[in-house]
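S.K.: This structure is in C-alpha cells; I'll ask about it shortly.
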C-alpha cells in the first residue's frame, strides 16, 4: 500500500514528447529545456513526473522535492536509496559505492519491479552516490 507524504514541490516545464505512459517515472530537463524520460543513472535527474502530457509542449508537472509515488524498476527496500534506471525512468536500488549514479531519494516501503511505491525525492540538489 502506497504511503502518503503531503509536502512537496512541483514545478512545470514543457514536455519533450508524449509522456502520457510515464506517470511516476523519473525525468530530466533536456538541452532544449523540456522534460524528457531519464535514460541513464549518470544524468542529473530533475524529478518524478506527476501528470500525463500527451504531446510535446504540453505542461509536464514534476515533483522535485518531497513525497511522491514512483515506478519501481527493481526490488527496492523501505528506507533504501534509489537512482534512475539506465533506460526506463524507473527507480533502481543504488549502492553508496556507485560513483556514476545520482542519489535521488529514499523509498518508503518495499517494492518489486513495476510496482508503484511511495518515496521522498530531493532532486533540487542531487548527490553522487560515492
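S.K.: Specify whether the C-alpha gyration tensor of region 27-67 places it in the rounded, prolate or oblate class, a ≥ b ≥ c being the square roots of the eigenvalues: rounded for a/c under 1.5, otherwise prolate if a/b is larger than b/c and oblate if not.
M.R.: Oblate.
S.K.: Could you let me know the centre-to-centre spacing of region 34-53 and region 80-109, using Cα atoms, in angstrom?
M.R.: Spelled out, the Cα-based centre of one part sits 13 Å from the other.
S.K.: If you don't mind, there's one more thing I want to ask. Set the Förster radius R0 to 25 Å, insert the Cβ-Cβ distance between residue 21 and residue 125 as r into 1/(1 + (r/R0)^6), and round the FRET efficiency to 0.05.
M.R.: Working from the Cβ atoms, E equals 0.30.
S.K.: Would you calculate the convex hull of the Cα atoms in the chain and tell me its volume per residue in Å³?
M.R.: It comes to 87 Å³ per residue, whole-number rounded.
S.K.: Quick one: of the DSSP bridges fully inside the chain, what percent are antiparallel, nearest 5?
M.R.: Around 95 percent antiparallel, to the nearest 5.
S.K.: Determine the relative contact order of the chain: mean sequence separation of Cα pairs under 8 Å and six or more apart, normalised by residue count, in whole percent.
M.R.: In percent, rounded to a whole number, it is 27.
S.K.: Now a separate question. Using the basic label-point model (7 angstrom from Cα toward the beta carbon), what is the residue 78 to residue 51 distance in nanometres?
M.R.: Taking the simple label geometry, residue 78 and residue 51 are separated by 3.3 nm.
S.K.: Within region 101-130, what residues put their amide N at less than 17 Å from the label point 7 Å along the Cα-to-Cβ vector of residue 44?
M.R.: 101-105, 122-130
S.K.: Right, another one. Compute the label zone of residue 32 within region 57-77: residues whose backbone N is under 20 Å from the point 7 Å along Cα-to-Cβ.
M.R.: From region 57-77, the list is 57-62.
Readers should treat all values here as calculations from the given coordinates under stated rules, not as data from a laboratory. Keep in mind it's a predicted model, so treat the numbers as computed, not measured. Because the Cβ atoms are built from the backbone with ideal geometry, glycine has one as well, and the counts that use them run over all protein chains shown.
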